[in-house]
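Q: Have a look at the structure that comes next, please.
The values are calculated or read from the model by the stated rules, or taken from the named source; none is laboratory data. Nothing here was measured: the structure is a model prediction, and the numbers come from that model. Ideal geometry is used to build each Cβ from the backbone, glycine not excepted, and the neighbour counts take in all protein chains shown. When the accessible area is computed, the model is the full protein with side chains, heavy atoms only, and any ligands, DNA or RNA have been set aside. Shrake-Rupley method; radii C 1.70, N 1.55, O 1.52, S 1.80 Å.
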Amino acid sequence: MSTDKLIALLRANGQEHLLAFWDKLDAAEQGALAGQIEAIDFPLIRKLYAQRDHQAGMGELAARAEPPPAFRLNSDSNPFSAQQARDRGVQALRAGELGVILTAGGQGTRLGFHRPKGMYPIGPLSKKSLFQIHVEKIVAAARRYSVRIPLFIMTSPATHAETEAFFAEHGRFGLPEDDLMLFCQGTMPAVDERTGAVLLAAPSRIALSPDGHGGLLAALLGSGALERIENRKIRHLFYLQVDNPLVDICGPEFVGYHLLSGSEFSSQVVAKRDPLERVGNVVKVDGRLMVIEYSDLPEQAARRRNPDGSLAIWAGSIAVHVIDARLLRRVATQAESLPFHIARKKVPHVDPAGRRVEPSQPNALKFERFIFDLMPMARNAVVVEVDPVRAFSPLKNASGAKGDTPETVRAALIGQYRDWLCRAGVEVADDVAVEISPLYAMDAEELAAKVPRGMRIMEPTYLEV
Ligand code: UTP
């Protein structure tokens with residue numbers, strides 16, 4: 001696009017300030033900035049900005065919210081038993097119908113790690129990265145069911161190059177080349193909260209950030225990953241996010257509940273202990289499942305109780321799903337696809353005088369899509385309750401924060417491995433760290449079949465092949 005056309009485009013959208021430093025940029029910087037400007041959907045940004053104070057009336061929805069159809073833990077009133085579910089899940093796995101989607105495009109700002117979060121060395125003793133732990137689970141599952149399980153990793157411009165290099169450097173942690181596909185999600189610009197002006201992160205650079213994990217649909221379609229999924233006859237996608245190393249990836253029981261229910265989108269949830277817990281709430285409204293974020297849930301609705309005293313809005317999402325490939329295709333190709341959510345954030349930028357501004361208060365709006373907005377569009381969506389101690393420990397914050405830190409995640413991993421060892425009859429001394437490679441054992445049952453009878457662990461031990 002010529003400079004004149006660029007100016008005309010920006011003028012038409014009231015964003016001329018983006019060229020304020022144009023004459024001071026060299027040719028490469030001008031080219032880069034022009035490319036970023038051309039990629040922005042200005043009418044969309046204008047529309048989203050105009051809607052900033054009119055986000056869906058969640059309060060009203062929350063008042064009418066009912067509990068979602070659920071498979072509860074330790075309940076004998078579930079429509080299918082755990083054994084039936086496991087059998088159905090194993091059948092689908094053996095038929096090679098499963099693929100895995102891992103979203104790893106986030107910027108990990110709270111953690112403050114200078115590389116993609118998936119590269120964080122979380123293994124309590126092995127120091128294996130989150131990526132390696134996830135991939136070894138997939139390799140182990142593929143081996144157990146004698147199939148190929150392809151992994152699709154969504155990165156973003158913030159994480160793509162380093163993630164790609166990391167996997168190449170480590171031989172994809174054992175995953176065959178054909179079974180790994182990295183694809184990059186899109187970005188959205190941040191805008192000034194008061195004016196709607198797109199912010200510049202630097203004189204030659206727009207303040208862009210990844211468009212949310214819901215950017216998955218557009219990225220799957222645009223990168224050809226969805227086509228690859230379909231060509232490989234993958235019918236069900238096990239979805240997880242990079243920060244939770246406790247996920248039982250491709251766990252047959254969860255997959256089985258999804259299939260037996262004829263569901264197109266199933267979610268793992270935990271029973272909230274506190275009505276105001278900071279998790280997304282899965283509810284049913286007008287016959288459709290949806291997530292109401294904790295920030296959108298009015299306190300009165302959050303505290304509502306059933307006659308037996310239990311919480312009415314009880315199901316906290318942990319962002320682990322099984323998704324039908326046909327749902328992905330159907331929604332990805334719809335013009336409106338997933339909605340955008342608007343968040344007020346602190347976004348550093350340069351002001352019109354070229355000075356760097358580091359805001360201490362939220363100054364900008366960011367636009368993100370969320371994967372759970374697929375839920376209301378899915379047929380027969382269900383939730384499956386899991387035990388948070390066994391299934392959920394996300395790495396979000398740096399050491400020293402209240403929770404979800406490297407220390408809490410490592411402690412949760414050690415707790416899981418200790419539990420498996422104890423169930424396998426192994427005596428583990430108090431306060432001794434233990435770790436088990438997914439390639440050694442995927443679960444307590446496999447471990448029990450492997451460890452020597454009468455085994456005792458008295459010092460830090462890493463069990464690996
Ligand atoms: P979070 O929303 O917790 O964000 O992402 P984050 O990037 O990990 O951390 P903060 O908020 O900047 O501190 C949950 C999951 O969704 C992925 C992340 O990589 C993580 O696996 N995600 C998030 C994306 O893939 N793309 C996005 O645009 C946002």
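Q: Return the residues of region 237-283 that are among the charged types (D, E, K, R) and within 16 Å of the ligand (Cβ to nearest atom); say none if nothing qualifies. Please lay out each step first, then the result.
A: So the first thing to find is which residues in region 237-283 are among the charged types (D, E, K, R), and the list is 243, 248, 253, 264, 272-274, 277-278.
Scanning region 237-283 gives ASP243, GLU277, ARG278.
Q: Follow-up question, since we're still on this one. Show the residue pairs meeting these rules: Cβ distance below 6 Å; 6+ apart or different chains; first residue within region 325-342 and assigned to a helix (DSSP H, G or I); second residue open to solvent by 30 Å² or more (accessible area, probe 1.4 Å).
A: Every condition considered, the pairs that remain are ALA325/ARG235; VAL331/MET377; ALA332/LEU221.
Q: Only one of these is more than 12 Å from PHE372 (Cα to Cα) and at pLDDT 95 or above: PRO245, PRO298. Name it. Give the derivation first.
A: Details: PRO298 fails: at pLDDT 95 or above.
Among PRO245, PRO298, only PRO245 is more than 12 Å from PHE372 (Cα to Cα) and at pLDDT 95 or above.
Q: Take the conditions surrounded by fewer than 20 Cβ atoms within 10 Å (Cβ to Cβ) and within 13 Å of the ligand (Cβ to nearest atom) and apply them to GLY186. Does it pass? Outline the logic, then answer.
A: Values: surrounded by fewer than 20 Cβ atoms within 10 Å (Cβ to Cβ): yes; within 13 Å of the ligand (Cβ to nearest atom): yes.
Yes; evaluated as a whole, the condition is true for this residue.
Q: Now a separate question. Restricted to region 69-82, and to residues that are touching a helix residue (DSSP H, G or I) at 6+ places or on another chain (Cβ under 9 Å) and at pLDDT 95 or above, which residue is nearest to GLY212 (Cα to Cα)?
A: Our first condition is that a residue be touching a helix residue (DSSP H, G or I) at 6+ places or on another chain (Cβ under 9 Å); within region 69-82, this holds for 71, 78-80, 82.
Applying the additional criterion that residues be at pLDDT 95 or above yields 71, 80, 82.
Details: PHE71: 28, PHE80: 34, ALA82: 33 Å.
Residue satisfying both the conditions and the ranking: PHE71.
Q: Of the conditions (1) of a type outside the set (A, V, I, L, M); (2) within 13 Å of the ligand (Cβ to nearest atom); (3) open to solvent by 40 Å² or more (accessible area, probe 1.4 Å), ARG148 satisfies every one except a single condition; which number is it?
A: All conditions are met except number (2).
Q: Here are LEU237, LEU216, LEU221: which of them is assigned to a strand (DSSP E or B) and either within 23 Å of ARG326 (Cβ to Cβ) or not aliphatic (A, V, I, L, M) (or both)? Walk me through how you get there before you give the answer.
A: Working: LEU216 fails: assigned to a strand (DSSP E or B); LEU221 fails: assigned to a strand (DSSP E or B).
Result: LEU237 is the single residue among LEU237, LEU216, LEU221 that is assigned to a strand (DSSP E or B) and either within 23 Å of ARG326 (Cβ to Cβ) or not aliphatic (A, V, I, L, M) (or both).
Q: Hey, another quick one. In region 386-465, which helices (runs of 4 or more DSSP H) lie fully inside it and hold 2 or more residues that are of a type outside the set (A, V, I, L, M, F, W, C) and open to solvent by less than 40 Å² (accessible area, probe 1.4 Å)?
A: On the way: elements: 388-391, 406-423, 444-450.
Ranges flagged: 406-423.
Q: Further question: In region 380-428, which residues are on the phi < 0 side of the Ramachandran plot and within 14 Å of the ligand (Cβ to nearest atom)?
A: In the first step, residues of region 380-428 are kept if they are on the phi < 0 side of the Ramachandran plot; the result is 381-399, 401-403, 405-424, 426-428.
Passing the criteria: PHE392, SER393, PRO394, LEU395, LYS396, ASN397, ALA398, ALA401, GLY403, THR405, PRO406, VAL409.
Q: Of everything in region 151-174, what is under 28 Å from ARG418 (Cα atoms) and open to solvent by less than 30 Å² (accessible area, probe 1.4 Å)? Give them in sequence order.
A: PHE173
Q: Identify, please: which residue in region 252-288 is assigned to a strand (DSSP E or B) and aliphatic (A, V, I, L, M) and is, among those, surrounded by the most Cβ atoms within 10 Å (Cβ to Cβ)?
A: So the residue we want is VAL269.
Q: Go through region 118-145 and report how many residues are open to solvent by less than 30 Å² (accessible area, probe 1.4 Å) and within 15 Å of the ligand (Cβ to nearest atom).
A: 9
Q: Okay, next question. Being open to solvent by less than 40 Å² (accessible area, probe 1.4 Å) and assigned to a helix (DSSP H, G or I) is the filter here; which residues of region 22-34 pass it?
A: Going through region 22-34, the residues open to solvent by less than 40 Å² (accessible area, probe 1.4 Å) turn out to be 22, 25, 33-34.
Passing the criteria: TRP22, LEU33, ALA34.
Q: Turning to a different aspect of this structure: Of the residues ASP351, ASP308, ASP296, which single one is touching a helix residue (DSSP H, G or I) at 6+ places or on another chain (Cβ under 7 Å), open to solvent by 20 Å² or more (accessible area, probe 1.4 Å) and over 14 Å from LEU216 (Cβ atoms)? First the steps, then the outcome.
A: Working: ASP351 fails: touching a helix residue (DSSP H, G or I) at 6+ places or on another chain (Cβ under 7 Å); ASP308 fails: touching a helix residue (DSSP H, G or I) at 6+ places or on another chain (Cβ under 7 Å).
Being touching a helix residue (DSSP H, G or I) at 6+ places or on another chain (Cβ under 7 Å), open to solvent by 20 Å² or more (accessible area, probe 1.4 Å) and over 14 Å from LEU216 (Cβ atoms) holds for just one of ASP351, ASP308, ASP296, which is ASP296.
Q: Applying the selection to region 212-236, what residues are more than 15 Å from the ligand (Cβ to nearest atom), open to solvent by less than 60 Å² (accessible area, probe 1.4 Å) and at negative phi?
A: Residues of region 212-236 that are more than 15 Å from the ligand (Cβ to nearest atom), as a first pass: 221, 224, 226-236.
Pick out the ones that are also open to solvent by less than 60 Å² (accessible area, probe 1.4 Å) and you get 224, 226, 229, 234, 236.
Result: LEU226, ILE229, ILE234, HIS236.
Q: Which residues, counting only those in region 240-251, are open to solvent by 10 Å² or more (accessible area, probe 1.4 Å) and not in a loop (DSSP other than H, G, I, E, B)? Working first, answer last.
A: As a first pass, look at region 240-251 and keep what is open to solvent by 10 Å² or more (accessible area, probe 1.4 Å): 241-243, 248.
Result: GLN241, single match.
Q: Could you identify the single residue in GLU97, GLU66 that is closer than 26 Å to GLY256 by Cβ, more than 13 Å from the ligand (Cβ to nearest atom), surrounded by 15 or more Cβ atoms within 10 Å (Cβ to Cβ) and among the charged types (D, E, K, R)?
A: Details: GLU66 fails: surrounded by 15 or more Cβ atoms within 10 Å (Cβ to Cβ).
Only one candidate passes the filter, namely GLU97.
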